[in-house]
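Colleague: Quick one: the structure is below, questions incoming.
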Amino acid sequence: MPGRLLHPFPTDSWAFFLDVDGTLLDYTERPDAVRAEPAIVQLLAGLHAAAGGALALISGRPIGDIDALFAPLRFPAAGLYGIERRDTLVRLHTHAMPEKPLYRAGKCPYRY
């Protein structure tokens, strides 16, 4: 069909980086009220397996909160806007939080 955008078929070399809030899960008035339905957890488990583990979750939440949402599964993840990262070997990497720029931008809901 002319003018139609064709989407490529996923291959073995693809990796999936999926945003949690507002993409995988709907926003709620309170972030602690968000729940992952069992069907989405099952879908993520299947995609993770089909992609050979090349799936990661991205969120402004701490990685512990991501884990709680998708329990019992634990995926590679980036939390707190990339301040925390968990790799495929389940190693946690943390970086110093650039608090001042995040607070100025209004993007840092967590205070330590």
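Colleague: Along the Cα-to-C-beta direction of residue 88, a point sits 7 Å from the Cα; which residues of segment 20-45 have their amide N less than 11 Å from that point?
Modeller: Zone members listed by number: none at all.
Colleague: So, one more: Restricting to segment 11-102, what percent of DSSP beta bridges are antiparallel, rounded to 5?
Modeller: That works out to approximately 45 percent antiparallel.
Colleague: OK, next. What size of dipole, in debye to the nearest 20, comes out for the chain about its Cα centre when the only charges are +1 on Lys and Arg C-beta atoms and -1 on Asp and Glu C-beta atoms?
Modeller: Working: 12 positive and 12 negative charges, 67 e Å.
It comes to approximately 320 debye.
Colleague: Which peptide among 4-15, 49-60 comes first, and what is the full order, when sorted by highest mean count of other Cβ atoms within 10 Å?
Modeller: 49-60, 4-15
Colleague: Next up: Projecting each Cα onto the charge dipole of the chain (Lys/Arg +1, Asp/Glu -1 at the beta carbon, about the Cα centre), which of 89, 71, 8 comes out farthest on the positive side?
Modeller: 89
Colleague: Right, another one. Sort out for me the Cα centre separation of segment 2-22 from segment 65-84, rounded to whole Å.
Modeller: Between the Cα centres of segment 2-22 and segment 65-84 lies a distance of 21 Å.
Colleague: Angle, helix 38-50 long axis vs. longest principal axis of the chain, Cα atoms, 0 to 90°, nearest 10?
Modeller: With both axes taken from Cα atoms, the answer is about 60 degrees.
Colleague: Could you give the length gained by full extension between residue 51 and residue 71, i.e. 0.36 nm per residue of separation minus their alpha carbon distance, to one decimal place?
Modeller: On the way: separation 20, 0.36 × 20 = 7.20 nm, distance 1.95 nm.
Here the answer is 5.3 nm.
Colleague: Could you work out the helix-only [θ] at 222 nm for the chain, with each DSSP H run of four or more residues adding -39,500 (n - 2.57) and the total divided by the number of residues, to the nearest 500 deg cm²/dmol?
Modeller: It comes out at -7000 deg cm²/dmol, rounded to the nearest 500.
Colleague: With an 8 Å cut-off on Cα pairs and a minimum separation of 6 or more residues, tell me the relative contact order of the chain in percent.
Modeller: So the answer I get is 18 percent.
Colleague: Would you mind computing, in nm to one decimal, how far apart the modelled labels at residue 95 and residue 5 are, each placed 7 Å from Cα along Cα→Cβ?
Modeller: Going from the residue 95 label point to the residue 5 one covers 2.8 nm.
Since every read-out is calculated from the coordinates, none of them should be taken as a lab result. Note that the structure is predicted; figures quoted are calculated from it, not measured. Using ideal geometry, Cβ is built from the backbone for each residue, glycine included, and neighbour counts are taken over all protein chains shown.
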